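Here is the structure we will look at, set down as structure tokens.
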Amino acid sequence: MIALRRALPFLALCLALFLVGCSLLPAPLNRAPVSLPSPLAGLPPDLAAQRDAWLRLGPRDYSWVIQYGCECGLNGEFTVTVVDGQATEVQWPPRIEPGVALPVQTVDDLYAKAAATIADGGEVHATWGNGGIPTTITFDPVPNAIDDELSVTVVSLTPSS
């Protein structure tokens, strides 16, 4: 107990020097933020060109009918209303309970999912319509696995007036 009392001033001095020294270091929040590369930057040239076409020509407000094909229970046609690039309303097929998270709701989501799938080692295959809108796009997160694919078919896309 006596040794601890003798060491206490020395420990307090060390703690004070440590705190003063740390306060002189630059604060990590004061430096410029580090920007991480966008996952969309890794799109293959054909997908990147289609995305660029969509960004140039595509409407921000539209209604589209998409059909999912997967082993995930979401098979069917969904009508999604998109306003300012965000899904605002989803009409569900009668046999599917509303509220389940959809893998993609907007055209932008298709490109983000494609980039994420490719970044994680998966494959993406698509056929294209006009203006960067795929007619069909298939995401295969694990190329050698069975039943993990998700296909999205764009049945129609109607810009809002």
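I'd like the full set of residues that are more than 18 Å from the chain's Cα centre (by Cα) and surrounded by 14 or more Cβ atoms within 10 Å (Cβ to Cβ), limited to the stretch 92-109.
Within the stretch 92-109, the subset more than 18 Å from the chain's Cα centre (by Cα) is 92-99.
Result: W92, P93, I96.
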**Prompt:** Can you pull out the residues in the stretch 115-161 that are exposed (fewer than 15 other Cβ atoms within 10 Å of the Cβ) and part of a strand (DSSP E or B)?
**Reply:** E123, H125, T127, T135, V155, S156, T158, P159
**Prompt:** Taking into account only those residues within the stretch 69-91 that are of a type in the set (A, V, I, L, M, F, W, C) and within 25 Å of P141 (Cα to Cα), which is surrounded by the fewest Cβ atoms within 10 Å (Cβ to Cβ)?
**Reply:** C72
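How many residues are farther than 21 Å from L55 by Cα and touching a Pro at 6+ places or on another chain (Cβ under 9 Å) when one looks only at the stretch 92-118?
We begin by selecting, within the stretch 92-118, every residue farther than 21 Å from L55 by Cα; these are 92-102.
Narrowing further to those that are touching a Pro at 6+ places or on another chain (Cβ under 9 Å): 92.
Of the residues in that region, 1 qualify.
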**Complete:** Among the residues of the stretch 57-108, the number that are under 22 Å from D148 (Cβ atoms), among the hydrophobic types (A, V, I, L, M, F, W, C), in a strand (DSSP E or B) and free of Cβ contacts under 8 Å to residues at least 24 places away in the same chain is 0
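Rule-based calculations on the coordinates, nothing more; no lab input. Quick caveat, the model's predicted, so the values are computed rather than measured. Don't worry about glycine lacking a Cβ; one is built from the backbone with ideal geometry, like all the others, and counts go over all protein chains shown.
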